[in-house]
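The values are calculated or read from the model by the stated rules, or taken from the named source; none is laboratory data. Just so it is clear, the structure is predicted and the values come from calculations on it, not from any experiment. So basically every Cβ, Gly included, is an ideal-geometry build from the backbone, and we count neighbours across all protein chains shown. In case anyone asks, the SASA skips ligands and DNA or RNA and just uses the protein heavy atoms, side chains included. Shrake-Rupley method; radii C 1.70, N 1.55, O 1.52, S 1.80 Å.
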Amino acid sequence: MDRVEVSTDVYLPPEEIYEFLEDFPGYADYSKYLKEVRSDGTGEEGTRYDLEFAWWKLNYTARSEVTDTDPPERIDWRIVKDVDAGGYWQVEPRPEAAPPDRETASRVRFVVEFDPDSANAGALDLPALVSIGWVIDKIRPKVLEEAERVVERIVADLEGERRDVELRVHEQPSSV
């Protein structure tokens, strides 16, 4: 199982961050490869999302489901078809990390776990002479890039302005 974990501090209380993260369809605005998100639910446990990705010559719709929520601290999810993958958003209060001009801070952690060997090659319309192994090798580092990009853009929207965001990459795919 590969694992990507990215975290940073956001200068807001956990409740505001959690409410923002719960609005998953908005994530398409932050991702280079996620083109559209359709939801069946409002973000609570059991909500399902269709995630339309496009990269290179591939288009793919993943289906995810919120498996557990613990407001304002955690949102767990999993992919429900074609690949063994899941993860969570975690928000922890860290008032001591707030700069002098901010009232508080929270640590936001984004974790993705996936088994690249579980990918269903039949779910992708691969060009001739392209193997699922080649695609997985190319996608692994992009998972880390996307996690970093999404977290940086979310911080800018949450705080209302862009700033240098110190991202902590705790783990990354085994092939990066």
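With all protein chains in place and a 1.4 Å probe, the accessible surface of segment 1-67 carries 44 percent carbon and sulfur.
Please calculate how many Å² of accessible area segment 30-105 carries per residue, with a 1.4 Å probe and no DNA, RNA or ligand atoms counted.
On the way: 4220 Å² over 76 residues.
For segment 30-105, the per-residue accessible area is 56 Å².
Sort segment 1-93 into rounded, prolate or oblate with this rule: let a ≥ b ≥ c be the square roots of the eigenvalues of the Cα gyration tensor; rounded if a/c is under 1.5, and if a/c is not under 1.5, prolate when a/b is larger than b/c, oblate otherwise. Spell out each step's value before the answer.
Values: a/c = 1.65, a/b = 1.53, b/c = 1.08.
Prolate, because a/c is 1.5 or more and a/b exceeds b/c.
Under 5 Å between amide hydrogens, built in the peptide plane, is the criterion, and for Thr47 it picks out Val66 among residues at least 5 positions away or on other chains.
Segment Arg102..Thr67, full-extension length gain: 9.3 nm, with 0.36 nm per residue of separation and the alpha-carbon distance subtracted.
What relative contact order, as a whole-number percentage, does segment 56-99 give when Cα pairs under 8 Å and 6 or more residues apart are counted? Value for segment 56-99: 29 percent.
Pop the C-beta distance of Glu145 and Asp23 into the FRET formula with R0 = 22 Å and round what comes out to the nearest 0.05.
On the way: r = 23 Å, r/R0 = 1.03.
Working from the Cβ atoms, E equals 0.45.
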